[in-house]
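Q: Dropping the structure in here first, questions after.
The values are calculated or read from the model by the stated rules, or taken from the named source; none is laboratory data. Because the structure is a prediction, the values reported are computed rather than measured. Cβ sites come from the backbone with ideal geometry, for glycine too, and all protein chains shown count toward neighbours. We work out accessible area using only protein heavy atoms, side chains counted, and drop any ligands, DNA or RNA first. Shrake-Rupley method; radii C 1.70, N 1.55, O 1.52, S 1.80 Å.
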Amino acid sequence: MMIKNTLFLLMGIALCCIGCSVSEEDEKAEILQLLKNQETAWSNHDLEGFMQTYWKNDSLQFYGAKGLTLGWDKTLSNYQERYPSKDETGTLKLTVDAITKIESNSYYVMGQYHLTRKAGDANGVFVIVLRRINGDWKIVADMSC
């Protein structure tokens, strides 16, 4: 009886693990949703909301026209300085060209950004690295130009 109960327990655990596993397609869909959330926040001039997709850590890396910036607070401060109003943020549209798995719980995304705004349209490219941290996808590195 003990062996039978142990086998049922192990089978239940195995089925649960199989049922709970997240596929690569699911992970990519979650990442695409994160990017949609970024578009919405940016287009509403909600820079703090936009930054919620980033790793809130001093080790966050952002590489842009002014070089390397380290840290979530400094990155937000730079965005607030460079984009002080809705005229500068405008409407963001992201085009994703590739989402590539690096390893378990890590991806990089290559794409394009398009800003339609009163201050003049802006377009460029980006590469972001995402890692699942405490169950959420977070951008840990961003290179935009």
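Q: Taking the chain as a Gaussian network, Cα atoms linked when under 10 Å apart, which of 120, 49, 90 shows the biggest mean-square fluctuation?
A: The residue with the greatest mean-square fluctuation here is 120.
Q: Build a GNM of the chain with springs between Cα atoms under 10 Å: which of 85, 106, 23 gets the top mean-square fluctuation?
A: Residue with maximal mean-square fluctuation among 85, 106, 23: 23.
Q: Using a 1.4 Å probe, what is the accessible area per residue for the chain, in Å²?
A: Spelled out: the 1.4 Å probe surface of the chain, per residue, equals 62 Å².
Q: So what's the net charge close to residue 105: Lys and Arg +1, Asp and Glu -1, counting the other residues with Cβ under 15 Å from its Cβ?
A: Local net charge: -1.
Q: What ranking of 133, 128 comes out by heavy-atom accessible area, probe 1.4 Å, highest first?
A: Accessible-area ranking of 133, 128, largest first: 133, 128.
Q: What label, among (1) 25, 17, 14; (2) 26, 17, 16; (3) 39, 15, 13, belongs to semi-axes √(5λ) of the Cα gyration tensor in Å computed from the structure on display?
A: (3)
Q: Compare 132, 82 by solvent-accessible area with a 1.4 Å probe and give them largest first, with all protein chains kept in place.
A: The ranking, largest first, comes out as 82, 132.
Q: Bins of 10 Å, beginning at zero and ending with the bin holding the largest distance: percent of Cα pairs per bin for region 75-145, please.
A: Going out from 0 Å in 10 Å bins, region 75-145 shows 19, 42, 30, 9, 0 percent.
Q: Something else about it: Under the 0.36 nm per residue contour assumption, what length would be gained going from the current alpha-carbon distance of residue 108 and residue 66 to full extension?
A: Stretched fully, the residue 108-residue 66 segment lengthens by 12.9 nm.
Q: Please give the solvent-accessible surface of residue 97 in Å², to the nearest 10, using a probe radius of 1.4 Å with every protein chain present.
A: Roll a 1.4 Å probe over it and residue 97 shows about 100 Å².
Q: Send over the semi-axes of region 98-137's equivalent ellipsoid, whole angstrom and largest first, taken as the square roots of 5 times the C-alpha gyration tensor eigenvalues. Display every interim value, and only then the final one.
A: On the way: eigenvalues 160, 28, 5 Å².
Computed over region 98-137, the values are 28, 12, 5 Å.
Q: Work out the FRET efficiency for residue 144 and residue 23 from their Cβ-Cβ distance, taking R0 = 35 Å, and round it to the nearest 0.05.
A: Once rounded, the FRET efficiency stands at 0.75.
Q: Next up: Which helices of the chain meet both criteria: a Cα extent of 20 Å or more along the helical axis and a mean Kyte-Doolittle score no lower than -1.0, with helices taken as whole DSSP H segments? Present the calculation step by step, with values, prior to reporting the outcome.
A: Numbers: long enough: 2-20 (27 Å, 1.88); 24-43 (29 Å, -1.11).
Span-like helices in the chain: 2-20.
Q: Hey, another quick one. For residue 87 and residue 134, FRET efficiency with R0 = 25 Å and r from the beta-carbon atoms, rounded to 0.05?
A: On the way: r = 36 Å, r/R0 = 1.43.
Approximately 0.10, to the nearest 0.05.
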